[in-house]
Amino acid sequence: MREIDVSGVTECVKRLCMEANYDLEEDVLEAFDRAIAQEESPVAIDVLEQLKENARIAREERIPICQDTGYTVVFVELGQDVRVVGGDLNGAIQKGVRQGYGEGYLRKSVCHPFTRVNTGDNTPAIIHLEMVPGEAMRIFVAPKGGGSENMSRVHMLTPAVGVEGIKSYVVNRVREAGSNPCPPTIIGVGIGGTFEQAALIAKKALLRPVGSRNEDSELAELENDLLARINCLGIGPQGLGGRTTALAVHINLIPCHIASLPLAVNIQCHAHRHKGTIL
């Protein structure tokens, strides 16, 4: 049984909160380059180049990529042979978020739903804990901006609509979202499970390297088809037109009830912030 002290968890979460907001991952930057290479619109190319420059400035000057530094979503994969010592795991993660957003001068965006009074430290963070084999702890911090999250949806389709119904709903959701989620976007799609599980697996799909191929060949084909349809909408980077409305479509699928076909679409903006580490 391996022991991990909560102080290390707090320090890790603090660092990941800041790094996620300062350093856009290489998979996103490479996706920008691929988009530039295939774009036909001079305006779209210019916007994509500006997004790359924005990311460079944020990385070098240690300032946020976007003024919306997100609602902190933390995914924890906890090895079943790990014993957390020295305190409460949940409390350690929340402390790390408080410290990261304070010391990193990151905007605090969490407030009471009714009064809109800000909590002042960007907590409580959303924590998704999953028990896995082994004696390690893997932590992903994924700050989620309000603009893209507002454009996300969960819908309980009827089974009769089938795959074509899924395609239609996803493409229409992106069309209706328009420029609001700050495209080019990454589209996380969750198919199956239950109402809440579809939303969770859609968000987890965003953690894959941008544009990576789905391990399931049928889902990989569906991702490619959806991406092609979405990029034919003409919304383009920042809604100014072009072939690059989305950089990738990532799908997760799990079995569902015989009477249901849950579908979740979680849209991520171009500032696709995600950082992970293993303790």
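The values are calculated or read from the model by the stated rules, or taken from the named source; none is laboratory data. Model, not experiment: these values are computed from the prediction. So basically every Cβ, Gly included, is an ideal-geometry build from the backbone, and we count neighbours across all protein chains shown.
Counting only residues that are touching a helix residue (DSSP H, G or I) at 6+ places or on another chain (Cβ under 7 Å) and more than 20 Å from MET18 (Cβ to Cβ), segment 89-120 holds 1 of them.
The rows are residues; the columns are (1) over 17 Å from the mean Cα position of the chain (by Cα); (2) crowded, with 18+ Cβ neighbours inside 10 Å.
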| position | (1), (2) |
| --- | --- |
| PRO184 | no, yes |
| GLY190 | no, yes |
| VAL210 | no, yes |
| LEU222 | yes, yes |
| ALA228 | yes, no |
| LEU247 | no, yes |
| HIS250 | no, yes |
| ALA271 | no, yes |
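Is it the case that segment 217-234 has a residue that's in contact with an Asp or Glu (Cβ under 6 Å, 6 or more places away or on another chain) and modelled with pLDDT of 95 or more? For segment 217-234, residues in contact with an Asp or Glu (Cβ under 6 Å, 6 or more places away or on another chain) and modelled with pLDDT of 95 or more: absent.
Residue by residue, here is whether (1) aromatic (Phe, Trp, Tyr); (2) in contact with a Ser or Thr (Cβ under 6 Å, 6 or more places away or on another chain); (3) touching a residue at least 40 places away in the same chain (Cβ under 8 Å); (4) under 22 Å from LYS52 (Cα atoms) holds:
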{"site": "VAL170", "(1), (2), (3), (4)": "no, no, yes, no"}
{"site": "THR185", "(1), (2), (3), (4)": "no, no, yes, yes"}
{"site": "GLY190", "(1), (2), (3), (4)": "no, no, yes, no"}
{"site": "PHE195", "(1), (2), (3), (4)": "yes, no, yes, no"}
{"site": "LEU200", "(1), (2), (3), (4)": "no, no, yes, no"}
{"site": "LEU207", "(1), (2), (3), (4)": "no, no, yes, yes"}
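Is it the case, given these coordinates, that GLY79 is modelled with pLDDT of 95 or more, crowded, with 18+ Cβ neighbours inside 10 Å, touching a strand residue (DSSP E or B) at 6+ places or on another chain (Cβ under 7 Å) and not assigned by TED's automatic domain parsing to the domain that holds PRO181? So GLY79 passes the test. Filter segment 109-126 down to the residues that are farther than 27 Å from GLU176 by Cβ and either under 14 Å from the mean Cα position of the chain (by Cα) or among the small types (Gly, Ala, Ser) (or both), then identify the one that is surrounded by the most Cβ atoms within 10 Å (Cβ to Cβ). Among those that are farther than 27 Å from GLU176 by Cβ and either under 14 Å from the mean Cα position of the chain (by Cα) or among the small types (Gly, Ala, Ser) (or both), it is ALA125. Under the condition of being free of Cβ contacts under 8 Å to residues at least 40 places away in the same chain, touching a His at 6+ places or on another chain (Cβ under 9 Å) and under 18 Å from HIS274 (Cα atoms), the residues counted in segment 76-123 number 0.
Scanning segment 41-86 for residues that are over 30 Å from PRO113 (Cα atoms), touching a Ser or Thr at 6+ places or on another chain (Cβ under 9 Å) and in a loop (DSSP other than H, G, I, E, B) yields SER41, GLY86.
Residues TYR101, TYR105: which one is part of a loop (DSSP other than H, G, I, E, B) and surrounded by 12 or more Cβ atoms within 10 Å (Cβ to Cβ)? Step through it out loud before you land on a result.
Working: TYR101 fails: part of a loop (DSSP other than H, G, I, E, B).
On inspection, the qualifying residue turns out to be TYR105.
Restricting to segment 87-98, what's the tally of residues that are surrounded by 13 or more Cβ atoms within 10 Å (Cβ to Cβ) and not in a helix (DSSP H, G or I)? Write out each step before concluding.
Narrowing segment 87-98 to residues surrounded by 13 or more Cβ atoms within 10 Å (Cβ to Cβ): 87, 89-90, 92-98.
From what's left, not in a helix (DSSP H, G or I): 87.
The number of residues fulfilling the criteria is 1.
Pairing each residue of segment 20-40 that is in a loop (DSSP other than H, G, I, E, B) with any residue that is of a type in the set (Phe, Trp, Tyr), provided the two are 6+ apart or on different chains, yields no C-beta distance under 7 Å. Taking the conditions (1) more than 29 Å from GLY239 (Cβ to Cβ); (2) in the same structural domain as SER7 (by TED's automatic domain parsing); (3) touching a residue at least 40 places away in the same chain (Cβ under 8 Å) in turn, THR158 satisfies each one other than (2).
Only one of the numbered conditions (1) surrounded by 14 or more Cβ atoms within 10 Å (Cβ to Cβ); (2) free of Cβ contacts under 8 Å to residues at least 40 places away in the same chain; (3) over 20 Å from LEU247 (Cα atoms) is violated by ILE4, and that is (2).
Considering only segment 7-14, I want to know if a residue exists there that is under 17 Å from the mean Cα position of the chain (by Cα) and either buried (at least 18 other Cβ atoms within 10 Å of the Cβ) or outside any helix (DSSP H, G or I) (or both).
At the first step, the residues of segment 7-14 found to be under 17 Å from the mean Cα position of the chain (by Cα) are 13.
Add one more test, that the residue is either buried (at least 18 other Cβ atoms within 10 Å of the Cβ) or outside any helix (DSSP H, G or I) (or both), and what stays is 13.
For segment 7-14, residues under 17 Å from the mean Cα position of the chain (by Cα) and either buried (at least 18 other Cβ atoms within 10 Å of the Cβ) or outside any helix (DSSP H, G or I) (or both): present.
Screening the candidates ARG138, ARG153, ARG208, ARG175 for the property of being basic (Lys, Arg) and in the same structural domain as CYS17 (by TED's automatic domain parsing) yields one hit, ARG138.
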